[in-house]
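Working notes, structure below.
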Amino acid sequence: EPFVADEYIERLAWRTPGGGSRGGEAFDPKRLLEEFVNHIQELQVMDEGIQRKVEKLEQQCQKEAKEFAKKVQELQKSNQVAFQHFQELDEHISYVATKVCHLGDQLEGVNTPRQRAVEAQKLMKYFNEFLDGELKSDVFTNSEKIKEAADIIQKLHLIAQELPFDRFSEVKSKIASKYHDLECQLIQEFTSAQRRGEISRMREVAAVLLHFKGYSHCVDVYIKQCQEGAFLRNDVFEDAAILCQLVNKQVGEVFSNPETVLAKLIQNIFEVKLQSYVKDQLEEHRKSDAEQYLKNLYDLYTRTTNLSSKLMEFNLGTDKQTFLSKLIKSIFISYLENYIEVEIGYLKSRSAMILQRYYDSKNHQKRSIGTGGIQDLKERIRQRTNLPLGPSIDTHGETFLSQEVVVNLLQETKQAFERCHRLSDPSDLPKNAFRIFSMLVDFLCTEHIDYALETGLAGIPSSDSKNANLYFLDVVHQANTIFHLFDKQFNDHLMPLISSSPKLSECLQKKKDIIEQMEVKLDMGIDRTLNCMIGQMKHILAAEQKKTDFKPEDENNVLIQYTNACVKVCAYVRKQVEKIRNSMDGKNVDTVLMELGVRFHRLIYEHLQQYSYSCMGGMLAICDVAEYRKCAKDFKIALVLQLFDTLHALCNLLVVAPDNLKQVCSGEQLANLDKNILHSFVQLRVDYRSARLARHFS
């Protein structure tokens, strides 16, 4: 435990008699002091003893440190001596090794010529046997020594080629014959070993044949036998992949150049099996069924490239990517050269058939929309004047737009884009994609949407028609949906194909032009539809509003809250507002509703100007305008509501007391209006000509 002086003194005092009130004894300071002095002396003696022991230990430690340092110095000297002996030994070993290598070189220099001489002697012996015409050596007669015989005959064959033909024609012929026989035997042996699955024997025979001319034939035999029974299923591509995986594991154990053999196997599979299979699949439909031909071409090319990707895992030499690309190109080049022409021709006929089938289902004979000359002149006049040129066509509520047709056209185009991406050369991809996009624009935008817009425009009745059915907003709604689908395909499927090429700006411009062309016709149709709506409201007001509504014969017996004309107009307006909201989206809704609201306000304003108002009639007019204003709230357009608020304030001039006219005219809503407008409303009062009213308003 750590030493604490206070506690130590406390314990000492407690043990000392008279050091504290213990057992009733009185406190004795002298005795306690005496005890403290004695204890201090004891501690001093103890301290001196401990100090002497520490000094003794320090002296002993210093002595041992000196002895240890001396011992370390002696060990360092011994180590230096040992290291010196090691260097001398290493030099001696190097000297001996140099002598041994030199002696080995001398022995080899003597032995190599001797071995060559012995080998040459043996070859001369075997050559003499060919000269004599009788092969007696065991190496030629024993079939188990075919390997040694092959080595000898291969060397004799090389020697025989250097000999003059006129003197050694017979022996050269015999050696060549034996060379050919042994080569055939080795290939036969290799074939038998392959059938038995003896890898070690195959490797041994292949190593011998490596120096023969027939080595390539050995490889051909191996490749041929590998494919026996390999293509039994319907999926030739999967069979080819499995075969190559099996051969890849085996070929390294058999041949010294496995990458060359495997590459030759793959080349054989592509040029024989796959090319034959592709030709059978494509030639059947090439001229008779373009759709099936394109589907098969895309499928076969995709499966071939997928197979190529799997084969990239194997060692096929230095540039396997180029090697496999050439193999694929050799199979499909005749089909890919004119691919885009087939694609465009099919897309054109297919799109035309989809559209024609739709119009036939509607029992509709498509009208010819002319171009150039008079048609262009009519179009310019119609855009500037918004007049319907030509007779109105009753479409019986048919928009001649079909989402099913659009989805079919977009699906065909999507598949065409996918085929184009896969089958087009990278340099031709943007150009081919643009041609497909142009076909989509022609059939979807021009032949379908634009035709529907033209038909819809022709079907809009004139603004003075009674009970006109307005179907153009349905055309707008469907066209809007189709535009979204068209734009989605543009971004999802066309953009990735042209994003890094000059064709991008061309496609964007073409898309912009066609959309602007459509928007002009949509705007024109919407404007004429709004005119028809206002015309319908005019007919309702003309038919339902009576002069006696605002100047009743009995001022004290008016039982209605608002006129019948007001009720029918508001019902009609609410119906049209709902239809506009359902037909459009985004800011277009607010824009069209604002235009309709402004025209609606102008119509009511001009309508109210046609009547004279008694006091009770003015109150009824205020009620009508209040109902119109409530209807205007459905527009959710601030400007429209503000216009009707002002009109409601103007109507107050029809009933206000003459003395309060100036006060009302200077109110918040009327203060900024032209005085002539205020005056025109005051003039509608039946009591306007009274001197009192005229005097108050002047």
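Observations on the model:
- Once backbone amide H atoms are built at 1.01 Å from N, TYR613 has ARG685, VAL686 as its partners under 5 Å, excluding neighbours fewer than 5 places away on the same chain.
- The range 616-666 and the range 437-473 have Cα centres separated by 39 Å.
- Exceedance of the 24 Å cut-off in Cα-Cα distance is limited, within the set LYS587/LYS633; LYS279/LYS326; LYS547/LYS633; LYS538/LYS579; LYS273/LYS295, to LYS547/LYS633.
- When only the Cβ of Lys, Arg, Asp and Glu is charged (+1, +1, -1, -1), the dipole of the range 585-677 relative to its Cα centre reaches about 40 debye.
- Residue-by-residue Karplus 3J(HN,Hα) for the range 320-335, coefficients 6.51, -1.76, 1.60, Hz, glycine and proline x: 6, 4, 5, 4, 5, 4, 5, 5, 5, 4, 5, 7, 9, 4, 5, 8
- Cα centre as origin, Lys/Arg/Asp/Glu Cβ charges: the range 477-555 dipole, Debye: 420 debye
- Span per principal axis, largest first, for the Cα atoms of the range 584-698 (Å): 55, 25, 18
- Selection from ALA352, THR302, TYR335 lying farthest towards where the dipole of the range 282-363 points positive, charges on Cβ: ALA352
- Its Cα centre serving as origin, the range 451-595 has a Cβ charge dipole (Lys and Arg +1, Asp and Glu -1) of approximately 160 debye.
- For the range 177-294, the residue among GLY252, ILE223, LEU186 whose Cα projects farthest onto the positive side of the dipole built from Cβ charges is LEU186.
- Dipole axis of the range 550-696 (+1 Lys, Arg; -1 Asp, Glu on Cβ), positive-most option in TYR572, ILE637, TYR611: ILE637
- Set of lysines with alpha-carbon distance to LYS675 below 24 Å, sequence-local pairs under 8 removed: LYS662
- Relative contact order (%) - criterion: Cα under 8 Å, at least six apart; region: the range 550-696: 28 percent
- 15 Å beta-carbon shell around GLU228, net charge (K/R +1, D/E -1): +3
- The range 226-363 shape via C-alpha gyration tensor axes, a/c threshold 1.5: prolate
- By the rule of a C-alpha distance below 21 Å, with chain neighbours fewer than 8 residues away ignored, the lysines paired with LYS366 are LYS348, LYS378, LYS521.
Here, each number is a calculation from the coordinates, and none is a lab measurement. Please read all numbers here as calculations on a predicted model, not as lab measurements. A quick note on method: Cβ atoms are made from the backbone with ideal geometry, for glycine too, and the neighbour counts reach across all protein chains shown.
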